[in-house]
Every structure is written in structure tokens, then in C-alpha cells.
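Structure first, then comments.
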Amino acid sequence: LAISLMFSSIYNTVYLLSFIKLGCSMIKYIPQAWLNYERKSTTGWSIHNIMLDFTGGTLSFAQLILDAIRSGNVTEALGNPVKFGMGLASIGFDLVFLTQHFVLYTDRYDPQDIEAQVRCQSAPSTYGSTDSSDVSTF
């Protein structure tokens, strides 16, 4: 009986921690989505990680669906609410990021990159010039 209570307590603790992880995972996407919205740009971060995350969320959902089909019980797809929630949050925010990157903010110009602006303004524009004073003689 004591061992059963100990494992029950550990199981409940791990189950609670999984919900905390779900909350943290849902919260972690919000600042990046807001920053992209405020800047109207997705410059400075990799879209490849978002594509991998989207793939993982999609495969997680596929596994839940396949498990439900295998068992013949539709409620088994919802039997692991944390896995379902993680997949849902991942796919939802990834769709937001993919939309921001490929539809809304396609210009890869970083409005806060002051150094790039200075380099563009101070670069000499003699490339392609036909002025004979620019040509050096040997």
C-alpha cells in the first residue's frame, strides 16, 4: 500500500509538471509573435525552426489519430490532454509565424538595423560610373 501511494504521488507530480510545461510552451510563443507584429518584420530569426516545430506538432497529432483508429476509441485521441494541447499550441503559433514570414512581412529589411542603414548611406556609388576621372591609369 505504501509503494502504491508513493507511485501515485510521483505520477500526480509528473502529471502536474506536464501541465506546467504546456503552459510555458504556450506562453513562450507570444513575445515573438508580438515582436514580429510590432516591427512588421520577421528579420533576425530562423523560419526553419518554425517549420520543424510545425512538422513535430503535425506528427504528434497524426500519432494521436492513429492511436485512436487502432484502438477503435475516438476518446483515446483526447486521452493525453497535454500532448493534444502541445500539438495544438505548436501548430497554431507556427501557422501565425509562417503567415507573418511568408504572407504579411515578406520584406526582409530590419527597420532597427542602424548599422546597415549607415553602411548603405556612406558607401561610394562609383560602381558602374562612366566618368573618366574614376578610371586609374597604369
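The values are calculated or read from the model by the stated rules, or taken from the named source; none is laboratory data. Computed from a prediction, not measured in an experiment: that's the story for all the values here. Positions of Cβ are generated from backbone atoms using ideal geometry, with glycine treated the same way; all protein chains shown enter the neighbour counts. Side chains included, ligands, DNA and RNA excluded: accessible areas come from the protein's heavy atoms. Shrake-Rupley method; radii C 1.70, N 1.55, O 1.52, S 1.80 Å.
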Solvent-accessible area per residue for region 18-115 (1.4 angstrom probe, square angstrom): 64 Å²
Cross-link reach list, lysines versus residue 40, counting only Cα pairs under 22 Å and skipping chain neighbours closer than eight places: 28
Under 15 Å, Cβ to Cβ, from residue 60 - net charge with Lys/Arg +1 and Asp/Glu -1: -2
